[in-house]
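Read through the structure below, which is laid out as structure tokens, and then see the notes.
The values are calculated or read from the model by the stated rules, or taken from the named source; none is laboratory data. Just so we're clear, the structure is a prediction, and the values are computed from it rather than from any experiment. Glycine gets a Cβ as well: all are built from the backbone with ideal geometry, and neighbour counts include every protein chain shown.
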Amino acid sequence: MFLLDFVLSYMGIFLAKNIEIKGYCEESFESVKKVFAENFKTGLDVGASLALAIDGKFVIDIWAGYRDKAQTQAWEKNTIVNVYSTTKVMTALCVLMLVDQGKIDLDAPVANYWPEFAQSGKENLLVRYLLSHTSGLPGFDIPIKAEDLYDWDYIVSLLAAQKPWWEPGTRSGYHMVSFGYFLGELVRRVSGKSLGRFFREEVALPLKADFHIGFSEELDFRVAELIPPNIPEPVNSVEIDPKSIAIRIASNPIVPVTNALTREWRAAEIPASNGHGNARAIVDITSALACGGRINGVKLLSRKTIDKAIEEQSYSTDLLFNAPTRWGLGWSLVSKENLISPNTHAFSWGGFGGSHVTIDLDAKLSWSFAMNNMIMSLTGDPRTMKIRKAIIDTYYN
């Protein structure tokens, strides 16, 4: 057994023993809870949370494990964790709220709201292209360091001057980091509030949701330690072109996972990737989307705006993922490659390492998974894939 523990630890897999699943799960969803528990038994998870709500009512709200790699600190009900690109759902929501209020027009040039953006031939680039990863602005021409991401004005000045890498609107290339700064600056120019402040005041506080984009040190004691993933080898030893768009996006800047442990990272507003919360908090917010824009007496959006946000903007091979991706405005849509739901009006996104959220308008259902043991897989995160299957088998079939 010691040898097995050693091998699994070397692979980045941890054998979690005697894990107690805490929280609430309706009896009809016990099969989903069982899958969640199995991920601990097989060592895929160290600490994690899972939540699912239907028509605004939680039917699953569970958590388990440890919030540190050494497995000395229990993952508690109020533990939060950096969910990386699941943050983009929150950021897109903020822009869509301003669209809903008539303050931003999806078909207006970005430069109408941010005059400096008109540089380098971008004077007619539309707002919707930023939301759909089709603007041609997925990265930076100028080399930057991870620490530069903490300087909002510097980053947005670089992006305002950036020349598109392809004709806007003609193809997609995931805007891994730039997405948050573009949308955040739009929110700042239109509302007068930073993205983090707008999100806190207009979304998180009204919904009493424990999700944060930039926060002060009094919350540090609740933050789970991220456990970096092992990086998989390229399939069939494929040569990687260092000048390719994918590498230009992914390598500038290189941001070590250890940065997420720092006070500087947590204090900054990096709206594409440094949101902190747990599965319950994510569902607290996305249930509003699942229920047509309103939850618990709080209206975020109209159904009309949600319908706009799930209209197909692009469906082709994404230049970063090198895989067919069907984009809406801020998230990916259900497709034959992305079978997140049997229903038509479903959309989702996830974060580096495994966090995930799915929203299904037809079922008024939202579910989310947030964890600290990060996994990188060329075929999809094994935990969320198993959880999704269990949810579909339990609820839809």
Next on the checklist: One residue is enough: does region 167-178 have a residue meeting the conditions closer than 27 Å to residue 262 by Cα, among the hydroxyl-bearing types (Ser, Thr, Tyr) and touching a Lys or Arg at 6+ places or on another chain (Cβ under 7 Å)?
Outcome noted: no
Next on the checklist: For region 1-34, give me the residue count where each residue is at pLDDT 95 or above and outside any loop (DSSP other than H, G, I, E, B).
Outcome noted: 12
Checklist entry - Looking at (1) under 17 Å from the mean Cα position of the chain (by Cα); (2) within 18 Å of residue 278 (Cα to Cα); (3) not hydroxyl-bearing (Ser, Thr, Tyr), which is the one condition that is false for residue 37? => result (1)
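Regarding residue 282, is this residue buried (at least 21 other Cβ atoms within 10 Å of the Cβ) and in a helix (DSSP H, G or I)? Lay out the reasoning, then the answer.
Values: buried (at least 21 other Cβ atoms within 10 Å of the Cβ): yes; in a helix (DSSP H, G or I): yes.
Taking the combined requirement at face value, the residue satisfies it.
Restricting to region 375-392, name every residue that is in contact with an Asp or Glu (Cβ under 8 Å, 6 or more places away or on another chain) and either more than 15 Å from residue 48 (Cβ to Cβ) or assigned to a helix (DSSP H, G or I) (or both).
Step one: list which residues in region 375-392 are in contact with an Asp or Glu (Cβ under 8 Å, 6 or more places away or on another chain), which gives 375, 383, 386.
Answer for region 375-392, where residues must be in contact with an Asp or Glu (Cβ under 8 Å, 6 or more places away or on another chain) and either more than 15 Å from residue 48 (Cβ to Cβ) or assigned to a helix (DSSP H, G or I) (or both): 383, 386.
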Checklist entry - Mind checking which residues of region 116-159 are in a loop (DSSP other than H, G, I, E, B) and within 18 Å of residue 194 (Cα to Cα)? => result 151
Next on the checklist: Taking the criterion of being crowded, with 21+ Cβ neighbours inside 10 Å and among the hydroxyl-bearing types (Ser, Thr, Tyr), would at least one residue in region 288-304 satisfy it?
Outcome noted: no
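From 347, 369, which residue is modelled with pLDDT of 95 or more, outside any loop (DSSP other than H, G, I, E, B), under 19 Å from the mean Cα position of the chain (by Cα) and under 30 Å from residue 225 (Cβ atoms)? Outline the logic, then answer.
Working: 347 fails: under 30 Å from residue 225 (Cβ atoms).
None of the others qualify; the one that does is 369.
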Next on the checklist: Among (1) in contact with a Leu (Cβ under 9 Å, 6 or more places away or on another chain); (2) buried (at least 24 other Cβ atoms within 10 Å of the Cβ), there is one condition residue 207 misses while meeting the rest; what is its number?
Outcome noted: (2)
Next on the checklist: Can you go through 229, 271 and tell me which one is part of a loop (DSSP other than H, G, I, E, B), at pLDDT 95 or above, at negative phi and under 20 Å from the mean Cα position of the chain (by Cα)?
Outcome noted: 271
